[in-house]
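Participant: Just dropping this structure here.
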Amino acid sequence: MVTEHLPVDPPELSWLFRGVSEIFPQQLASLDPGENLVQQLRQCDRPLRVKLGIDPTGADLHLGHSIPVRKLRAFQDAGHQAVLIIGDFTARIGDPTGKSEVRRQLSEDEVAENAQTYLDQVRSILDFETPGRLEIRYNSEWLSQMDLGKTLGLLSTMTVGQMLAKEGFAERYKKETPIFLHEFLYPLMQGYDSVAVAADVELGGTDQKFNIAVGRDLQRQFGQRPQFGVLLPILIGTDGVQKMSKSLGNYVGLAEHPSDQYQKLQKVPDHLLESYFELLTDLPLDALPTNPRDRQGLLAFAVVRQSHGEAAAQAAQVAAQSAGQAGSVPEFSLATVQFPAKLFYLLSASSLCKTSSEARRQLQAGAVKLEGQRLDHVDQIFQTPDDLYGKVLQLGKSKFTRFIP
């Protein structure tokens, strides 16, 4: 359990403490709303401004990245304002946290492209529709306007000793690995984001405590009430050992195909299941199945449903069951198919049906689904292979194929 050491009382705030490693400051006996986030939530006469910063340093998000985004949604659902900061300026520096060497600096074009993919991927989690619930900001709005005088002002708020105490910097300094001066600017700039948006709460992983604390210090210097920090765990990957990472291959991508997500999640090690349920779903933890295999299936279905919808989750579940829980969905290359192509031809060409005539009959009988959606138009045409790449075509309850280039 992630939140074993944190209070779950009062019950109406269980959403706040679920899956949280630490809240700071958090003087639970205090009635001061500046020391106790529960009191702040109770006493504040306005929605709190809850900040989450994401640096678009890559193209894909995985389930580990979704944990603070899910907590941001929980604040939205409780009536507060989510402030999602796209770190288009700070991404060009790169967060040095946990890095043993300097990060490659990205171009503006690379950052802009990544930022759009990030927004597309978090739409399945955040409330983009309700007025007043989501504010999206780009930190280039204020950081690109900083002249040398303001930059010097920021730098004067911290000492070199304080900066070298930051995890990562200390290790690199000891190993005599180069630390470049622009890297010292990162925590100050991320901290200044909190000043720029007047954040009441900032969310982040446990590795972000230093950066969030810098934000608190800067808010004091600029005459604002310091924000609360809400720290969330770093998700262990599907290998059960190391943190989830695309480079380690132990990840589940937010934008991955439903069947791929499902198959990866149904193999999550037993000892991680409860933390995955706590961090990645809203399911009650006291009502989970006792059988580990049933737990894996429930987890896979719940996460896929959140990302892709009920129909896609059902299709992925059926595909996994037909593949014997351990296999994969058969694939069919579209390289030899002439487009535009009729659906009944694709059914026969992919060997789901023996003939085009059988394919027509199955379509008329309503036995064909694409991505869980029933298709019954006999003469349906797909204009380009792009309409099909990565999608699963299903015949009946037990026949599947995934279209690939």
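The values are calculated or read from the model by the stated rules, or taken from the named source; none is laboratory data. If you're wondering where the values come from, they're calculated on a predicted model, not measured in any experiment. Heads up, the Cβs are rebuilt from the backbone with ideal geometry, glycines too, and the neighbour counts pull from every protein chain shown. Side chains included, ligands, DNA and RNA excluded: accessible areas come from the protein's heavy atoms. Shrake-Rupley method; radii C 1.70, N 1.55, O 1.52, S 1.80 Å.
Participant: Measure off, as a whole percent, the carbon and sulfur share of the 1.4 Å-probe accessible area of the chain, all protein chains present.
Facilitator: 50
Participant: Can I ask one more? Amide H neighbours of G229 under 5 Å, at least 5 residues apart or on other chains, H built in the peptide plane: list them.
Facilitator: So G229 has HN proximity to F24, E202.
Participant: Per 10 Å bin, what percent of the C-alpha pairs of segment 99-255 does each bin hold, from zero upward?
Facilitator: In order of increasing distance, the bins hold 9, 28, 41, 20, 3, 0 percent.
Participant: Let's test this: bin the Cα-Cα distances of segment 275-405 at 5 Å from zero up to the farthest pair and state each bin's percent.
Facilitator: 2, 10, 18, 20, 17, 11, 8, 6, 5, 2, 0
Participant: While we're here: How long are the three semi-axes of the equivalent ellipsoid of segment 221-340, in whole Å, if each is the root of 5 times an eigenvalue of the C-alpha gyration tensor, listed from largest down?
Facilitator: Working: eigenvalues 200, 85, 43 Å².
Gyration-tensor ellipsoid for segment 221-340: 32, 21, 15 Å.
Participant: For the chain, report the accessible area per residue in Å² (1.4 Å probe, heavy atoms, rounded to an integer).
Facilitator: Counting only protein heavy atoms, the per-residue value for the chain is 48 Å².
Participant: Can you pull out the chymotrypsin sites (Phe, Trp or Tyr not before Pro) in segment 179-262 that DSSP calls coil and that have at most 13 other Cβ atoms within 10 Å? Before the final figure, lay out the partial values.
Facilitator: On the way: sites: F180, F184, Y192, F210, F222, F228, Y251, Y262; in loops: F180, F222, Y251.
Of the chymotrypsin sites (Phe, Trp or Tyr not before Pro), the ones in loops of segment 179-262 whose Cβ has at most 13 other Cβ atoms within 10 Å are F180, F222.
Participant: Kindly rank 47-60, 146-159, 26-39 from highest to lowest mean number of other beta carbons found within 10 Å of each residue.
Facilitator: Descending packing order for the listed peptides: 47-60, 26-39, 146-159.
Participant: Summing Lys, Arg as +1 and Asp, Glu as -1, what charge do residues with Cβ under 13 Å from the Cβ of S140 carry, S140 excluded?
Facilitator: -3
Participant: As a test of the definition: which semi-axes, in Å, follow for the chain when you take the square root of five times each eigenvalue of its alpha carbon gyration tensor? Largest first, please.
Facilitator: Equivalent-ellipsoid dimensions as semi-axes: 44, 25, 20 Å.
Participant: Also: Normalised by the residues of segment 242-356, what does the relative contact order come to in percent, with Cα pairs under 8 Å and at least six apart?
Facilitator: So the answer I get is 24 percent.
Participant: Using only the Cα atoms of segment 10-94, what semi-axes does the equivalent ellipsoid have when each is the square root of 5 times a gyration tensor eigenvalue? Give whole Å, largest first.
Facilitator: 27, 14, 13
Participant: Additional query: Expressed as a rounded percentage, what relative contact order does the chain have, with Cα pairs under 8 Å and six or more residues apart? Numbers along the way, then the final one.
Facilitator: On the way: 676 pairs, mean separation 58.2, N = 405.
For the chain, the relative contact order is 14 percent.
Participant: Shifting gears a bit: Within 13 Å, Cβ to Cβ, of F222, how many net charges do the neighbouring residues add up to if Lys/Arg are +1 and Asp/Glu are -1?
Facilitator: Cβ neighbours under 13 Å give a net charge of +2.
Participant: On to the next question. Using amide H atoms built in the peptide plane, which far-off residues or other-chain residues are under 5 Å from K243 H to H?
Facilitator: G237
Participant: Can you list the lysines whose alpha carbon is less than 26 Å from that of K174, not counting same-chain residues fewer than 8 positions off?
Facilitator: List returned: K99, K166, K209, K243.
Participant: How big is segment 127-220 by the Kirkwood estimate over distinct Cα pairs, in Å?
Facilitator: Radius from the Kirkwood sum: 14.8 Å.
Participant: Mean residue ellipticity at 222 nm from the helices of the chain, using -39,500 (n - 2.57) per DSSP H segment of n ≥ 4 over the full residue count, to the nearest 500 deg cm²/dmol?
Facilitator: Calculated mean residue ellipticity at 222 nm is -11000 deg cm²/dmol.
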